[in-house]
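The values are calculated or read from the model by the stated rules, or taken from the named source; none is laboratory data. This is a predicted model, so every value here is computed, not measured. Glycine also receives a Cβ, built like all others from the backbone with ideal geometry; neighbour counts cover every protein chain displayed.
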Amino acid sequence: MKADLGELDLLRELATRLGAAPHGGRTALVDKAARTLCCSRQEVYRRLKDVGFDSGRKKRADRGSSMVTKEVAMQAAALVQGARRKTGKKTMPLTETLEILRENGRGSVDAETGEVRLPDSAATLSRAMRRHGCHPAMLQQGKPHTHMQSLHPNHVWQVDASMCVIFYLPKQGLQIMPEGVFYKNKPLNIERVSQERVWRYVVTDHYSGTLYVRYVQTAGETSENLAETFLQAIQKREQNDPMHGVPNNLMMDLGSANTSHLFLNLLKNLGVTPLVHTPGNSRAKGQVEQAQQLVETQFEGRLSFMRIETVEQLQAAADRWRCHYNAWAVHSRTKQTRNALWLTITEDQLRIAPSMELCRELVTTRPVDATVRADMSITHSVKGFGRKTYDLRYLAGLVPGMKVSVVVNPYKAPAVDVAVKDERGDETIWTVEPVQMTEAGFRADAAVWGQEHKALPDTVADKRTKEIEAAGVVAGRKTGVAPYGLDIEADITAAPAPAYIPRRGRDLGLDASRREIPPLSHVEAAKQLKARLGQEWTAERYAWLVQRYPDGVPAEQVDDIATRLAAPETPVGAVLKLVAGGTAC
C-alpha cells in the first residue's frame with residue numbers, strides 16, 4: 001500500500017519524535033498516530049519501517065522459527081483440501097483443522113520439556129501454511145500456464161460445444177429457459193425439454209480469432225453433429241465470410257463425441273492432427289471458450305427482442321451476426337479485425353476442402369487392401385469418379401500379388417494414397433494418379449504394336465532373382481555344385497538317423513493263395529487281348545469271349561486265352577459252341 005504525501009510527512013515526523021522520546025514515551029506517540037491513520041499499532045510500525053525508521057529493538061532469538069513444522073502444515077493442508085467440494089467450496093475451516101491436529105497429538109516437540117506444541121491461533125497456522133507453500137488459497141490457484149502460438153491462419157483451429165439456454169417447442173418456437181424454472185434443484189424441468197435443447201458449436205481459428213457458429217437441436221453432443229459442424233466450417237462460403245479450408249491441427253477436449261472413431265477417422269482422412277488437452281484444463285482451449293462467451297453475450301442476448309421460431313431462423317441470424325463481428329470487431333491481441341488477419345493466409349497454407357459429398361464419405365472411408373496385379377497396377381473405386389486403374393510400377397518394394405492399403409486422397413481425387421511397407425516395417429505413403437485411358441479402352445502409355453517396346457522396371461523379386469543367378473545357381477544345377485559354397489547335405493550328415501531297436505510283431509495270417517482277384521469286364525479283357533493279338537482280334541472272337549465267360553474274364557486266364565487264340569489251328573470263322581458238360585470246342 002502506497003502512502004500519500006501527507007501520510008509520509010506524518011510518518012517522518014513521528015519517526016523523528018520517536019527517536020528523541022524518553023524511555024516509555026513511545027507508546028503514547030504511536031497510539032496517537034494509529035488513531036490518526038485509523039490502523040493498528042503494528043501497522044504504524046510497519047509503515048514507519050517503510051520510511052526508514054528502526055526502533056533499535058533487539059530481535060528475538062527465535063525469530064523466523066515456528067512451532068508449526070512443514071509436516072504439520074502439510075497435514076493441515078491435506079485435511080482442508082480433502083474436505084473441499086468439486087465446486088471449490090471449502091467445508092473445513094482452519095480452526096477445526098487445528099483442533100483435529102491437536103487431538104491427534106500432532107505438532108512440534110519442545111526439546112527441553114518434550115511437550116508437543118501447536119499454536120492456539122488459526123492465524124498462526126495460516127501464516128505457517130503460507131510460508132511452507134501449502135495454504136488453501138495458494139493450492140486453489142492451480143498450475144501456472146504457458147503461452148502457445150500458432151504460425152499462420154488455419155494452422156490450429158479449436159472447437160467446442162455448449163448447451164444453450166434455448167430450447168425449441170414445435171408450437172411455440174424457440175424459448176429462453178427462465179432461471180427460476182430451469183436450475184439444478186428442478187432437474188425434472190430440464191429433463192422435460194431434453195430432446196428440444198439447442199446446442200451451440202463454436203469453431204475458432206487460433207491465429208486470427210475468426211469464429212464460426214452452428215446451432216443444432218439435439219439431446220446432447222454426438223459425433224455426427226460434430227462432424228457436420230466441422231465439414232460446414234471448412235467449406236467455402238460467401239465472399240463476406242472468408243474463413244474456410246482444412247486446418248493442420250484441431251484442438252478439442254476429451255468428450256466422447258470428439259474422440260469417436262467416426263470423427264477421428266474423418267480427421268485422419270483429411271490430414272488433420274487432433275490435439276486433445278488433459279481433462280479439467282479448459283484453459284488449453286481458452287480462445288474457443290471465450291468465443292462461446294462472446295456468442296452468448298453479444299448475439300444470444302439479442303434473441304429476447306427477436307422473433308425466432310425455428311432453428312433455421314436462429315442459424316440465419318447467427319450467420320449475419322458472425323459475418324458482421326468477424327468483419328468489424330477489432331481483436332485486442334492483434335489490433336486488427338479477425339477477417340483482415342485471416343486474409344493474410346498464403347496459397348501454400350490454404351488447403352481447399354473437397355466437395356461436401358466427398359467429405360461426408362470420408363467420415364466412414366477407411367483404407368482397403370488391394371492386390372497388385374501382374375502388370376504392377378491396382379484398381380480402386382472413388383465415389384463420383386467410378387473405378388480407376390492406378391500404376392504402381394515405380395513404387396519401391398512391390399511385387400505382383402502383394403497387398404497394399406489404398407484410400408482416396410481428398411485433396412487430389414480421384415488420386416489415391418497407397419501405403420507401402422518396407423523390409424523394416426516402416427510405412428511410406430505415395431499419392432498415385434489414375435491411369436489415362438484411350439477412347440478404345442487401352443492405356444494411353446501402352447506400347448504400340450510394331451512401333452515400340454516398353455518393359456516394366458525390375459521389381460524387388462526380379463532384382464533378387466538376378467542376384468541369385470549371379471551366384472551361380474543355374475550353373476550349379478548342371479555341374480551338381482551348390483551355390484555360395486554350401487554343403488547341400490550338411491544337415492543330413494550333422495544328424496544321422498539313429499539305429500532303432502526292432503519291435504516284435506505278429507503275423508497277419510494272410511494266405512496269398514486264397515486271395516481272390518475280381519474278374520475283368522469283357523471290355524477290359526478285350527483291350528488287353530487286342531493289344532496282344534493286333535489284327536487277329538476280331539468281332540467274332542469278342543463274341544466268343546462274351547459267350548465263353550458271361551460273368552467276366554478271370555484275370556489270370558488272359559495270357560492263356562491270348563496264347564490259344566494266337567495259335568494257327570484255332571478256328572476264327574465261327575463262334576465256338578458249347579457241348580455237353582459245358583466245354584467249348
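Residue-by-condition table, conditions (1) at positive phi; (2) of a type outside the set (D, E, K, R); (3) crowded, with 19+ Cβ neighbours inside 10 Å:
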site	(1), (2), (3)
THR389	no, yes, no
LEU392	no, yes, yes
PRO400	no, yes, no
VAL404	no, yes, yes
PRO410	no, yes, yes
VAL418	no, yes, yes
GLY425	yes, yes, no
TRP430	no, yes, no
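Within the option set GLY245, GLY255, being outside any helix (DSSP H, G or I) and either at positive phi or among the basic types (Lys, Arg) (or both) holds for one residue only, GLY245.
Residue check: is THR379 part of a strand (DSSP E or B) and more than 24 Å from LEU211 (Cα to Cα)?
Working: part of a strand (DSSP E or B): yes; more than 24 Å from LEU211 (Cα to Cα): yes.
Answer is yes for this residue.
Within region 341-350, is even one residue in contact with a helix residue (DSSP H, G or I) (Cβ under 9 Å, 6 or more places away or on another chain) and more than 30 Å from THR465 (Cα to Cα)? The answer is yes; a qualifying residue exists. For region 397-418, the tally of residues that are within 14 Å of MET376 (Cβ to Cβ), part of a loop (DSSP other than H, G, I, E, B) and without any contact (Cβ under 8 Å) to a residue 40 or more places away in the chain stands at 2.
If you take the residues of region 419-429 that are in a strand (DSSP E or B) and out of contact with any Phe, Trp or Tyr (no Cβ under 9 Å at 6 or more places or on another chain), which of them is farthest from ALA461 (Cα to Cα)? Before the answer, list the steps.
Going residue by residue through region 419-429, those that are in a strand (DSSP E or B) are 419-421, 427-429.
Filter once more, so that each one left must be out of contact with any Phe, Trp or Tyr (no Cβ under 9 Å at 6 or more places or on another chain): 421, 427-429.
On the way: LYS421: 15, GLU427: 19, THR428: 19, ILE429: 21 Å.
Looking at residues that are in a strand (DSSP E or B) and out of contact with any Phe, Trp or Tyr (no Cβ under 9 Å at 6 or more places or on another chain), I get ILE429.
For first residues located in region 131-158 and closer than 19 Å to LYS89 by Cα, partners that are of a type in the set (A, V, I, L, M, F, W, C) and surrounded by 19 or more Cβ atoms within 10 Å (Cβ to Cβ) and lie 6+ apart or on another chain with Cβ distances below 7 Å form the pairs CYS134/ALA73; CYS134/ALA77; HIS135/MET129; PRO136/ALA77; PRO136/VAL80; LEU139/ALA77. Checking MET92, MET177, MET163 one by one, the residue that is at pLDDT 80 or above, surrounded by 12 or more Cβ atoms within 10 Å (Cβ to Cβ) and in the same structural domain as ARG333 (by TED's automatic domain parsing) is MET163 and no other.
Just one residue in the set LEU529, LEU520 is at pLDDT 75 or above and touching a Phe, Trp or Tyr at 6+ places or on another chain (Cβ under 8 Å); that residue is LEU529. Selection of first residues in region 308-328 that are assigned to a helix (DSSP H, G or I) and of second residues that are loosely packed, with under 15 Cβ neighbours inside 10 Å and among the charged types (D, E, K, R), restricted to Cβ pairs under 6 Å at least 6 apart or on distinct chains, gives an empty result.
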